[in-house]
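Notes for the one structure printed next.
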Amino acid sequence: MLDLKHELKLDKTRDEKARMNFVSGLRAHVLNDMAGGMRAVWDAEVEPAFRRSRGRRPKDGPEVHAALKPNECFKFYSSLRVTTQDLVWQSVFPALERNRGALKEKAARLSRSSQSRSSKVRGTLALRPDFKVPRSVSALDVHLMAGNYDGEYEEGDLAAGSLYDNGLAVFSFGLMGQNLDDIGQSIAGFIKLKFPQLKPAKILDLGCTIGHNTGSWKDHFPAAEVHGIDVAAPCLRYAHARAQAQDRELHFHQMDAESLDFPDASFDVVFSSMFLHEVPRKGIERILAEAHRVLKPGGLMLHMELPPNSQLSPYDAFYLDWDGAYNNEPFYKPFRDLKPEDICRRAGFAPEKYLQFVIPSVGWYGEKVWREAAERPPSVDSDKTGRLTDGILWYCFGAFK
Ligand SMILES: C[S@@+](CC[C@H](N)C(=O)[O-])C[C@H]1O[C@@H](n2cnc3c(N)ncnc32)[C@H](O)[C@@H]1O
């Protein structure tokens with residue numbers, strides 16, 4: 001398990017570290033080795049049996065799922081994957097409980113630093129006491145994360161942010177990089193190389209959680225003013241302190257992406273990562289319409305997401321939709337069943353301005369493969385696109401306004 005390097009990191013005992021390492025290692029085993037084993041069983045036994053009985057190949061993910069459900073290998077994989085998902089959060093709780101007070105103090109100090117005249121990094125945090133968190137967040141423990149992003153149990157609580165930061169480190173077994181920002185670093189760096197004429201003055205990250213991927217835009221476009229919005233106050237408090245600890249000037253706001261408080265045509269880039277699949281279908285359409293509204297003409301909207309089912313083989317579609325069935329992700333499959341080019345068009349983007357990319361992880365492959373990816377884009381339909389596994393490729397879609 002990778003150890004976070006910033007000042008808000010939890011002080012852990014040897015046992016706590018060992019437990020987190022164990023869960024991380026077990027997840028890597030399930031998602032690499034056991035997933036590979038399940039695929040081999042599919043190819044050698046279950047798919048041929050399907051063809052014999054039905055006289056054809058499975059046509060989509062749900063047919064693959066139904067055929068695999070009675071299989072022992074699928075059951076063992078799924079049971080262990082659900083257990084490790086639960087253990088991700090359980091492994092963080094003891095250290096988080098012990099560090100609660102210290103965490104609040106550190107965050108308060110870091111937050112004060114943003115207001116000091118001498119500070120070179122003057123990020124901001126704008127929370128709204130009257131803000132109503134949408135039920136799609138407040139009524140759910142998404143991906144089994146107890147309390148979800150918005151759970152608050154004392155004044156100024158930021159534990160949910162710390163739970164997410166530390167949980168993501170365990171969950172991603174090193175694939176997200178030392179700062180958990182491989183998505184942001186890969187995508188912001190690739191966009192800078194692909195569109196050298198793009199000189200954004202203002203960038204917006206929707207559903208930014210703890211701002212781990214928001215900061216990458218500041219790294220690659222240091223002259224830009226970078227904003228992140230989210231509905232969850234505890235995550236935003238943590239995001240603000242985390243950015244200050246890392247000397248990144250970022251501006252966080254509590255806001256609903258479905259109705260942004262920003263004027264028309266005020267941003268050059270509107271970005272999101274791993275966000276839309278946690279939003280109900282109608283909300284997705286409203287969010288894209290809002291992105292269109294706040295973008296300047298010529299601006300770029302870009303969403304890093306799970307690849308759509310329409311562009312994957314039935315097996316890979318089944319594999320990614322596993323979370324929709326077993327990981328408390330009710331909006332996951334409805335999102336993946338949408339065609340990104342259709343939702344962009346419905347939001348007001350011209351069809352000829354639609355674009356999508358498969359961007360190799362910078363942490364895994366290094367920057368040198370971006371040039372190749374820009375010239376000869378990798379296929380979306382691969383067992384590495386959007387899949388938390390060694391050699392991950394990030395999928396993105398969007399459009400210029
Ligand atoms: C999976 S997390 C996003 C992760 C993050 N962007 C990343 O790069 O890893 C989803 C986030 O969206 C936020 N969210 C959900 N609905 C929202 C909405 N309507 N407006 C703004 N944020 C929302 C949640 O509070 C949560 O922090």
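When you scan the range 1-103 for helices (runs of 4 or more DSSP H) that lie fully inside it, which ones turn up with 2 or more residues that are under 19 Å from L144 (Cα atoms)? Give the steps one after another, and end with the answer.
Values: elements: 14-28, 35-41, 47-54, 61-68.
Ranges flagged: 14-28.
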Exercise. Is it the case that some residue within the range 315-324 is surrounded by 23 or more Cβ atoms within 10 Å (Cβ to Cβ), of a type in the set (D, E, K, R) and either touching a Gly at 6+ places or on another chain (Cβ under 7 Å) or assigned to a helix (DSSP H, G or I) (or both)?
Worked result: yes
For this session: Six or more apart or on different chains, Cβ under 8 Å: which pairs go from a residue in the range 195-224 that's farther than 27 Å from D157 by Cα and touching a residue at least 60 places away in the same chain (Cβ under 8 Å) to one that's more than 15 Å from the ligand (Cβ to nearest atom) and of a type in the set (S, T, N, Q)? Could you list them?
Result: K202/S266
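Return the total of residues in the range 205-220 being assigned to a strand (DSSP E or B) and away from the ligand (no atom under 11 Å from the Cβ).
0
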Seminar exercise, completed: Picked from the range 192-215 (must be within 29 Å of P134 (Cβ to Cβ), of a type in the set (A, V, I, L, M) and touching a Leu at 6+ places or on another chain (Cβ under 9 Å)), the residue surrounded by the fewest Cβ atoms within 10 Å (Cβ to Cβ) is L206
For this session: Evaluate the following for L338: is it within 16 Å of the ligand (Cβ to nearest atom), part of a loop (DSSP other than H, G, I, E, B), on the phi < 0 side of the Ramachandran plot and out of contact with any Ser or Thr (no Cβ under 6 Å at 6 or more places or on another chain)?
Result: no
For this session: Starting from the range 359-384, keep only residues that are farther than 12 Å from K194 by Cα, then list their pairs with residues that are assigned to a loop (DSSP other than H, G, I, E, B) and among the acidic types (D, E) whose Cβ atoms are within a distance under 8 Å, requiring at least 6 positions of separation or different chains.
Result: W364/D390
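For R281, are the conditions met, namely being farther than 18 Å from I187 by Cα, within 10 Å of the ligand (Cβ to nearest atom) and surrounded by fewer than 22 Cβ atoms within 10 Å (Cβ to Cβ)? Let's see the steps before the verdict.
Details: farther than 18 Å from I187 by Cα: yes; within 10 Å of the ligand (Cβ to nearest atom): no; surrounded by fewer than 22 Cβ atoms within 10 Å (Cβ to Cβ): yes.
Considered against the rule, which asks whether it is farther than 18 Å from I187 by Cα, within 10 Å of the ligand (Cβ to nearest atom) and surrounded by fewer than 22 Cβ atoms within 10 Å (Cβ to Cβ), R281 comes out as no.
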Seminar exercise, completed: For the range 22-46, pairs from a residue that is within 16 Å of R57 (Cα to Cα) to a residue that is part of a helix (DSSP H, G or I) and not basic (K, R), with Cβ under 7 Å and 6 or more apart or across chains, are V41/C73; W42/L68; W42/Y315; V46/A67; V46/L68
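Do we find a residue being away from the ligand (no atom under 16 Å from the Cβ), modelled with pLDDT of 95 or more and crowded, with 22+ Cβ neighbours inside 10 Å anywhere in the range 255-263? Please lay out each step first, then the result.
First pass over the range 255-263, keeping only residues away from the ligand (no atom under 16 Å from the Cβ): 263.
Okay, now just the ones that are also modelled with pLDDT of 95 or more, so 263.
With crowded, with 22+ Cβ neighbours inside 10 Å added as a condition, the list becomes none.
No, there is no match, as no residue in the range 255-263 is away from the ligand (no atom under 16 Å from the Cβ), modelled with pLDDT of 95 or more and crowded, with 22+ Cβ neighbours inside 10 Å.
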Exercise. So which residues in the range 130-168 are away from the ligand (no atom under 12 Å from the Cβ), in contact with a Pro (Cβ under 8 Å, 6 or more places away or on another chain) and under 25 Å from K17 (Cβ atoms), if there are any at all?
Worked result: D157, L158, A159
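Restricting attention to the range 150-168, which residues are of a type in the set (A, V, I, L, M, F, W, C), farther than 18 Å from R128 by Cβ and buried (at least 23 other Cβ atoms within 10 Å of the Cβ)?
Of the residues in the range 150-168, the ones of a type in the set (A, V, I, L, M, F, W, C) are 158-160, 163, 168.
Narrowing further to those that are farther than 18 Å from R128 by Cβ: 159, 163, 168.
Matches in the range 150-168: A159, L163.
For the range 221-243, enumerate the residues that are more than 12 Å from the ligand (Cβ to nearest atom) and in a helix (DSSP H, G or I).
Hits for the range 221-243 are R237, H240, A241, R242, A243.
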For this session: Could you check, for the range 170-189, whether at least one of its residues is touching a helix residue (DSSP H, G or I) at 6+ places or on another chain (Cβ under 7 Å), charged (D, E, K, R) and away from the ligand (no atom under 11 Å from the Cβ)?
Result: no
Exercise. Is there a residue in the range 125-136 that is assigned to a helix (DSSP H, G or I), at positive phi, surrounded by 15 or more Cβ atoms within 10 Å (Cβ to Cβ) and touching a residue at least 24 places away in the same chain (Cβ under 8 Å)?
Worked result: no
Exercise. Just to be sure, is A317 touching a Ser or Thr at 6+ places or on another chain (Cβ under 9 Å), among the aliphatic types (A, V, I, L, M) and within 18 Å of A350 (Cβ to Cβ)?
Worked result: no
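The values are calculated or read from the model by the stated rules, or taken from the named source; none is laboratory data. No experiment lies behind these values; they were computed from the predicted model shown. FYI the Cβ positions are ideal-geometry reconstructions off the backbone, even for glycines, and counts take in every protein chain you see.
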